Amino acid sequence: MVDIHCHILPDLDDGAPEERVAIEMARMAAADGVTHVVATPHANYRFAFDPALNRHKQEALQHAIGDSLHILLGCDFHLSYENLEEIRQQPSRFTLNGHQYLLVEFADSGFPSGIDQIFVDLLAQKLLPVITHPERNPLFARRPEMILKWVEAGCYVQVTAASLQGRFGKKAMQAAHLLLQHKLVHFIASDAHNTSSRPPLLSEARRTVAAEQGEEAACALFEANPLAAIEGRALPWQPEPVPLPRRRWFHFRR
């Protein structure tokens, strides 16, 4: 399996606090059947994003764990004015493994001004936005139709593995399964931050998806699509989305 969203690099954001924890996260992921992890530190108002420092920590962690797991670089990208200005100049600074896929995380407080145009501009740059964990975000609880609109425009969706098991609450679990049923999920990732409350595990969620959606969907969401993303290829599995019901979701705990 390939995990495209993981806060494994130590002492950068609210993920692994030190190298010891990062090494244990890597060991847990490898034991769970993960072969590649994209380290995706935040780029937002709280945490400075420094590609040179990220690369240094990635190389140190890879050296420490050997070949048991391949650590790649990416970003948990927030749609701030400063970030959008930077990505126009240096798109590969933020993308998954330096290719065209870009994890996009929304704040809980509101959609950025001109969000539709922001996505138009990113797509015009040949970037492919991946909207992260909408099932956990109250914005999408109020406006679920936005997900379908942006997927139809060319964006993708990543759901958190632990949401499928109810570890972010009942409503997030219901929303995650609803998105799967409506063919609006393209990746499932761990969004891991530690070894306890948010570990880098995927296999349990993969079994759940295989049981409910079939082995083809499970293989696509955990293996084929994320592998294509880190290699910079078109996604091999892009089902036709089914419109969501016209009703409000509930507020979800992050």
*Which residue out of 140, 106, 119, 111 is closer than 16 Å to residue 42 by Cβ and either surrounded by 18 or more Cβ atoms within 10 Å (Cβ to Cβ) or modelled with pLDDT under 95 (or both)?*
106
*Going through region 71-92 one residue at a time, which ones are within 19 Å of residue 7 (Cβ to Cβ) and buried (at least 17 other Cβ atoms within 10 Å of the Cβ)?*
71, 72, 73, 74, 75, 76, 77, 78, 79, 83
*Within region 206-223, can you find the residues that are over 18 Å from residue 133 (Cβ atoms) and either of a type in the set (Val, Ile, Thr) or surrounded by 16 or more Cβ atoms within 10 Å (Cβ to Cβ) (or both)?*
210, 213, 217, 218, 219, 220, 223
_It is to be established whether one or more residues within region 228-251 are out of contact with any helix residue (DSSP H, G or I) (no Cβ under 8 Å at 6 or more places or on another chain), closer than 30 Å to residue 14 by Cα and assigned to a helix (DSSP H, G or I)._
yes
*Residues of region 66-111 being within 18 Å of residue 150 (Cβ to Cβ), more than 13 Å from the chain's Cα centre (by Cα) and charged (D, E, K, R), which ones?*
108
*From the options 35, 40, residue that is crowded, with 21+ Cβ neighbours inside 10 Å and in contact (Cβ under 8 Å) with a residue 12 or more places away in the chain*: 40
*asked:* Quick check on residue 196: is it surrounded by fewer than 23 Cβ atoms within 10 Å (Cβ to Cβ), modelled with pLDDT of 95 or more and under 23 Å from residue 26 (Cβ atoms)?
replied: yes
*In region 110-135, which residue that is in contact with a strand residue (DSSP E or B) (Cβ under 8 Å, 6 or more places away or on another chain) and assigned to a helix (DSSP H, G or I) is farthest from residue 234 (Cα to Cα)?*
135
*Collect the residues in region 129-146 that are touching a His at 6+ places or on another chain (Cβ under 9 Å) and more than 11 Å from residue 106 (Cβ to Cβ), keeping them in residue-number order.*
130, 135, 141, 142
*For region 170-182, what are the residues that are surrounded by 17 or more Cβ atoms within 10 Å (Cβ to Cβ) and out of contact with any Leu (no Cβ under 6 Å at 6 or more places or on another chain)?*
171, 172, 173, 175, 177, 179, 180
*Restricting the first residue to region 56-68 and requiring it to be under 12 Å from residue 11 (Cβ atoms), which pairs with a second residue that is of a type in the set (A, V, I, L, M) meet a Cβ separation below 6 Å and a spacing of at least six or different chains?*
57/9; 61/22; 61/71
*asked:* Suppose the filter is under 21 Å from residue 1 (Cα atoms), in contact with a Ser or Thr (Cβ under 8 Å, 6 or more places away or on another chain), surrounded by fewer than 22 Cβ atoms within 10 Å (Cβ to Cβ) and not β-branched (Val, Ile, Thr); does residue 133 pass it?
replied: no
*Residue in region 55-62 that is among the polar types (S, T, N, Q) and under 14 Å from residue 26 (Cβ atoms) present*: yes
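The values are calculated or read from the model by the stated rules, or taken from the named source; none is laboratory data. What you see is a predicted model, and the numbers here were worked out from it, not measured in a lab. Note that we place each Cβ from the backbone using ideal geometry, even for glycine, and neighbour counts take in every protein chain shown.
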